[in-house]
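Chemist: First, the structure itself, so that you have it in front of you.
The values are calculated or read from the model by the stated rules, or taken from the named source; none is laboratory data. Keep in mind it's a predicted model, so treat the numbers as computed, not measured. Reconstructed Cβ throughout: ideal geometry from the backbone, glycine too, with neighbour counts over all protein chains shown.
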Amino acid sequence: MGTRDMPLPRQFEFLLGKDRDQWPLEARFIEAAHDGDVRTIKKIAKELDVHGHGVPVTVASTTYMGFNALHAAGGRGRLPLYQYLVEELKMDVNKPDTSQDQSPAEHAVTHGNLPAVAYLLDHGADLHQKRQGDVTLLHSAAIRGMDASFVATFL
């Protein structure tokens, strides 16, 4: 398994070491998004907001290694996190990350996060958006061996 297939926290451990206290705040922020922890995301955003733009702006604009909170949420993100990021902060459900060129829905497919995929599709994720050599979300699900119930989410 390459680092691309590892959950973000494992990738960060591989690159930054196991001592999370030594990680940049942005890395801990992305890990909290991966875990679906809205409270920790807001807490870290408050620390990151050195220019006084406010927590919502900081949450929506913070990235680390090409990922924002909505990309990272595909790991284990739950409905409250998606509601906060998409409905309150109006984050773009089709914006690709800058390291892997994957949309938030693509990250959710990669991690088999069916509730996230369904939520993102219901909130404007483009089912036909092509990434990585004309591959769509449906192709990605099939390539990863998702079962029929997972693939039926797209139909």
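Chemist: Just checking, does the stretch 13-29 include any residue being polar (S, T, N, Q) and over 22 Å from residue 107 (Cα atoms)?
Modeler: Yes, the stretch 13-29 contains at least one residue that is polar (S, T, N, Q) and over 22 Å from residue 107 (Cα atoms).
Chemist: Of the residues 69, 32, 60, 105, which is at pLDDT below 95 and under 13 Å from the mean Cα position of the chain (by Cα)?
Modeler: Going through 69, 32, 60, 105 in turn, the sole match is 105.
Chemist: Tell me, please, whether a residue that is under 13 Å from the mean Cα position of the chain (by Cα) and under 20 Å from residue 11 (Cα atoms) can be found in the stretch 119-138.
Modeler: No, there is no match, as no residue in the stretch 119-138 is under 13 Å from the mean Cα position of the chain (by Cα) and under 20 Å from residue 11 (Cα atoms).
Chemist: So residue 8 clears everything in (1) farther than 30 Å from residue 134 by Cβ; (2) touching a His at 6+ places or on another chain (Cβ under 6 Å) except one condition, right? Which one?
Modeler: (1)
Chemist: Identify, by number, the condition in (1) surrounded by fewer than 16 Cβ atoms within 10 Å (Cβ to Cβ); (2) out of contact with any Asp or Glu (no Cβ under 6 Å at 6 or more places or on another chain) that residue 30 doesn't meet.
Modeler: (1)
This table checks each residue for (1) polar (S, T, N, Q); (2) crowded, with 24+ Cβ neighbours inside 10 Å; (3) free of Cβ contacts under 8 Å to residues at least 12 places away in the same chain; (4) out of contact with any Gly (no Cβ under 6 Å at 6 or more places or on another chain).
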| residue | (1), (2), (3), (4) |
| --- | --- |
| 45 | no, no, no, yes |
| 49 | no, no, yes, yes |
| 59 | no, yes, no, yes |
| 65 | no, no, no, yes |
| 71 | no, yes, no, yes |
| 80 | no, no, no, yes |
| 83 | yes, no, yes, yes |
| 110 | yes, no, no, yes |
| 113 | yes, no, no, no |
